[in-house]
Amino acid sequence: SLTMNDLTKPYHLIFETRLKYLYARVTSETISPEMVVEYLHEVTDKCRKLAYKRLLVERDIPITLSETDIFFTGTEFAHMGIEAIRIAFVDERAENTDHLEFAMLVANNRGGHVELFHNVPDAESWLITGA
C-alpha cells in the first residue's frame, strides 16, 4: 500500500508496508535541518501508528547536512521516541557515508538503535535478524 505526501514539500516520501517492517523512501534534490527533522517525524509517526518495531528508510538525497546540523538533527531524532524502533538507513552514495555514519552515532549515543547500509538487502537482513 503506497501513500503519497503533499507535493508542496521540499521532499517526496513514499511508504510501503512490508511483512516485517515499514519501508520509507525519501527523495529530494536539496536538504536542510528543518526538512530532515520533518521527514524523520513523518516516518517515525507512521511507524508508531502502524505499530511497526522495524523501519527501513531509503535516502535518495545527493547531499548531507554539515556536522553541526547533523548533531542538531541527530539529537532531535533521538527525542522522537525511537528507542523502541530498530531503524536501518540506506544510502547508496559513498560520498555521503562519513556524515551519515556520524548522524547514526549521534542518534545511537542518545538511545537510538540505528544503522547505515549501502543497499536494501543488507539493511533488510540486519533489521529482520535483530532482536
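If you wrap the tightest convex hull around every Cα atom of the chain and split its volume per residue, you get 96 Å³. Dividing the summed -39500 (n - 2.57) terms of all DSSP H runs of n ≥ 4 by the residue count of the chain sets its mean residue ellipticity at 222 nm at -12500 deg cm²/dmol. Along the chain, the exposed loop sites are GluC sites (Glu not before Pro) outside DSSP states H, G, I, E and B with at most 13 other Cβ atoms within 10 Å, and the longest stretch free of them is 30-82. Contact order for the chain, expressed relative to its length and based on alpha carbon pairs under 8 Å spaced 6+ residues apart, stands at 22 percent. The length gained by stretching the chain between GLU38 and ALA84 to full extension, at 0.36 nm per residue less their Cα-Cα distance, is 14.6 nm. For the stretch 24-115, the Cβ-based charge dipole about the Cα centre amounts to some 640 debye (Lys, Arg positive; Asp, Glu negative; other atoms uncharged).
Coordinate-derived values only; no laboratory data. All of these numbers come straight from a predicted model, not from anything done at the bench. No Cβ is skipped: glycine too gets one built from the backbone with ideal geometry, and neighbour counts run over all protein chains shown.
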